[in-house]
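Report on the structure given below.
Laboratory data are not the source of any read-out in this text; all were calculated from the coordinates shown. Source: prediction; values computed, not measured. So basically every Cβ, Gly included, is an ideal-geometry build from the backbone, and we count neighbours across all protein chains shown.
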Amino acid sequence: MRRNSRFAALFSLMLAVLFVAQALPQAQPQAQQPQPQQRIIGRALYEKLQREGRRMMGGGPGGFGGGLMWTPDGKASYALEEGTFKRADILTGEKTPLFDDAKIIAAVNNALGRQEVKLPFGRFQFIDAGKKIQFQAFNKVFLYDLATAKLEFYEPERSVSGVRGRSYGDVLSPDLKYRAFTRNYNLYVKDMDGTETALTTDGTEDLRNGYPDWVYPEELAQYEAFWWSPDSKKIAFMQFDESPVFKYPIVHDIAAQPRYELQGYPVPGANNPIVRLFMADVATKKLVRLETGDDLDVYLYRGKWTADGKEFTYHRLNRFQNKVELFAADPATGKTRLFLADSDPCYIDESTDLWFLKDNQRFLWTSERSGWREIYLYELATGKLLKQLTAAKLPVRSIPDVDEARGWVYFAGSEANGIESHFYRVKLDGSGFTKMTKEAGSHMVALSHGFDYYTDVFQSFDQPSKTTLYKADGQAVKVLNETTPSREFLDLKLIKPEHFLFKSADGQYDLDGLLYFPAHFDPTEKYPLILSVYGGPGSKGVSNRYLMADGNQTLAQLGFLVAVCDYRGVSGRGKAFQNLHYMKLGQVELEDHVAFVKALGQRPYVDTTRVGVTGHSYGGYFTCLALLKEPDVFHVGVAGAPVTDWRNYDSIYTERYMRRPQDNAEGYEKGSCLTYAKNLKGKLFIHHGAVDDNVHPTNTIQLVQALLKENKTFDLMIYPEQQHGIGVARYPVSRVEYFVEHLKPVVK
């Protein structure tokens, strides 16, 4: 149940006026006097925002977006303009041709006997330290040397599809002489002449060489399963033995003769795949198994070569996921040595950073052992801690890059209860800690090659997206792009969402909330409330971003108040805060959402007899749990792809937070929607894809059975041939229709 982007929130909402709940009466947004003849309101405004919200927000001057494509020297950006690539000097903006197009076109024509007159590709990547480019055209992959005009090409292997649409194809060796790929669960290499060598021959669907299973990519972000050595002589690879794993049947039943597939899917407390690590010698085809220990009930992941290629490293995580060990293996013998161990009283977050420095003597590691994720510098040979580089209690989110020549470590971090994201740097000796971004809000920073510049895409509750170019020392150079809402958009008189604080259910913490209002808001009216939820450990609902045109703002225009809140266990507030949900999924966040509704209920215009909740995946689980466990607080729910009982979900995600069912029977029972089926009073609408391979349809089927046993009435929609992301237009439309029908919004 990992979220698609680690740094982009799925159902996130943001806020803009600070207040403390349960204090004196709140300042109310000014009522907008309805004047239909002058401006659009209500359903018409809802429909207009759906169709044209992005257009009305507008673009900005400058011609640069947030994600600059940098030249290898870091002095310019480049972009495709009218069929050719232009280089733009980063300081002056002067544009010149990036390539000698005529030479590339001639090389392609000579190689293939074609008569092209313009570049046959619209995207490419620099390779070999910027000396060559790689592009695809005419079903071939080309490698073009910019200095010599030499062109090589090959026909790529057919890509295979993995978890979340990840595509697996050829992986070039560092020296660009070979490519490695998997076919039928075996690992192969080919040279540029097309000579093929099988490095493994025993692969089956249950014994996967160099090709991952389902759960490792989904929950450990382990998409790759083989790695070239820096000298291109060896390939380290993972072998997944799925023979002990339960197979879930996914039935494609829209035809007269249904087709089914069996998916290896480990559930909590059951068998996991057995993972082994091997080293393959490309020249001799000799395989060496790495000595990873006798305990097979562990997770082996995050393979990585050291900078000099003398050792191959990997993580070993115990089944309870509260102790991680880092090992380095000798590629020739497979013998391993332990060079770091870390632990947590509850669980280890898998998104730690391991960064080997080019001196081959030191490495960086991010750890939450202090309660906050900080950066530590270690000696590689001995595993000795040399220095804790940060102690800012931010926490650190990630290390995007290290400028070793100048001695700077650049990193991203969170502040202000985690609703702000910022950019920092610190010296490798621990000195010079600097916060590079100043404005309160959300910053997404990208460093140039060479570390002379960076771009900062900034937005906040009050500021639409703005991209600024900075020198490495933080000196602003110029604004590259700024979103400017159109006059048409401003004339809609939308109300800025309100950011405020409320108390957690236990009274111990200030939590962030966000409330959206319809443009025709009238404080003398009573409005139904809808909570938009994702939820779960480490999630984040509230961020300081510009939210005037998001989906929640659009929904509010139908006459709803739409709200989002954080809860005990969200990310960005330190590991101790995240651990508050441990062993009790669904319990803590539900308690805090109830407290949120009660805090909002103190406002005279919030009708707490008409409260809806909606979400997908974990949000679908939360929606069902809210309707069933707190039926007097939540009255209408629309749930997408819900996990209805944690015994149904995958082992890695669930056990990380709940341990196994035999270790935490009470937590599993209290967190199960099935436990509370008898309590349903309100209106519940469940949606599920019939071939969902993430949250299986069995979750919904089990809840349906439990509700029918209690003689409960509910609504259900099954979507044939749809997986976890339901891509049918009726799904979001029916959600809105359901809330309009049962919550009866204030219509203008």
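Give the relative contact order (percent, whole number) for the chain; include only Cα pairs under 8 Å separated by 6+ residues. Intermediate values should be presented prior to the final figure.
Working: 1733 pairs, mean separation 96.6, N = 748.
Computed over the chain, the figure is 13 percent.
Residues in segment 684-696 carry Karplus couplings, in order, of 10, 10, 10, 10, 8, x, 5, 10, 5, 9, 9, 9, 5 Hz; the curve used is 6.51 cos²θ - 1.76 cosθ + 1.60 with θ = phi - 60°, and Gly or Pro positions show x.
Can you sort E415, E525 from fewest to most other Cβ atoms within 10 Å of each residue's own Cβ?
Numbers: E415 18, E525 15.
Ascending number of Cβ neighbours within 10 Å: E525, E415.
Hydrodynamic estimate: the Kirkwood radius of segment 163-350 over Cα pairs, inserted into Stokes-Einstein at 4 °C and 1.567 mPa s, corresponds to D of 73 µm²/s. Phi angles of segment 179-191 translate, via the Karplus equation with coefficients 6.51, -1.76, 1.60 and θ = phi - 60°, into HN-Hα couplings of 9, 10, 6, 10, 8, 6, 6, 10, 9, 10, 10, 9, 8 Hz per residue; Gly and Pro are given as x.
Of all lysines in the structure, those lying under 23 Å Cα to Cα from K478, and not within fewer than 8 positions of it along the same chain, are K75, K86, K95, K435, K438, K466.
Taking amide H atoms as placed 1.01 Å from N in the peptide plane, the amide H of L531 lies under 5 Å from those of A563, G612, V613, T614, each 5 or more residues away in sequence or on another chain. Couplings for segment 633-643, taken from phi via the Karplus curve 6.51 cos²θ - 1.76 cosθ + 1.60 with θ = phi - 60°, read 9, 10, 10, 9, x, 10, 10, x, 6, x, 7 Hz in order; Gly and Pro are left as x.
When the P(r) of the chain is calculated, the portion above 43 Å amounts to 33% of the C-alpha pairs.
Panel order for M658, M717, M192, by other beta carbons found within 10 Å of each beta carbon, from fewest to most: M192, M717, M658. Remark: C-alpha extents of segment 620-748 on the principal axes read 53, 35, 27 Å, sorted largest to smallest. In this structure, the amide hydrogen of E157, modeled 1.01 Å from its nitrogen in the peptide plane, lies closer than 5 angstrom to those of D170, counting only residues at least 5 positions away or on a different chain.
Between the listed residues A416, Q459, L469, the Cα displaced farthest toward the positive end of the dipole of segment 408-473, a dipole computed from Cβ unit charges relative to the Cα centre, is found at L469. Three semi-axes describe the equivalent ellipsoid of segment 493-743; taken as square roots of 5 times the Cα gyration tensor eigenvalues and ordered largest first, they are 27, 22, 17 Å. Remark: spin-label model distance D359-F320 equals 3.8 nm, labels positioned 7 Å along the Cα→Cβ axis.
Between S370 and K86, the distance separating the two model label sites (each 7 Å from Cα on the Cα→Cβ line) works out to 4.8 nm. Listed by chain and number, the lysines placed with their C-alpha closer than 27 angstrom to that of K233 are K131, K132, K140, K150, K177, K190, K285, K286, K304, K310, K335, K358; residues fewer than eight positions away on the same chain are left out. Length gained on full extension, S398 to L296, computed as 0.36 nm times the residue gap minus the Cα-Cα distance: 33.7 nm.
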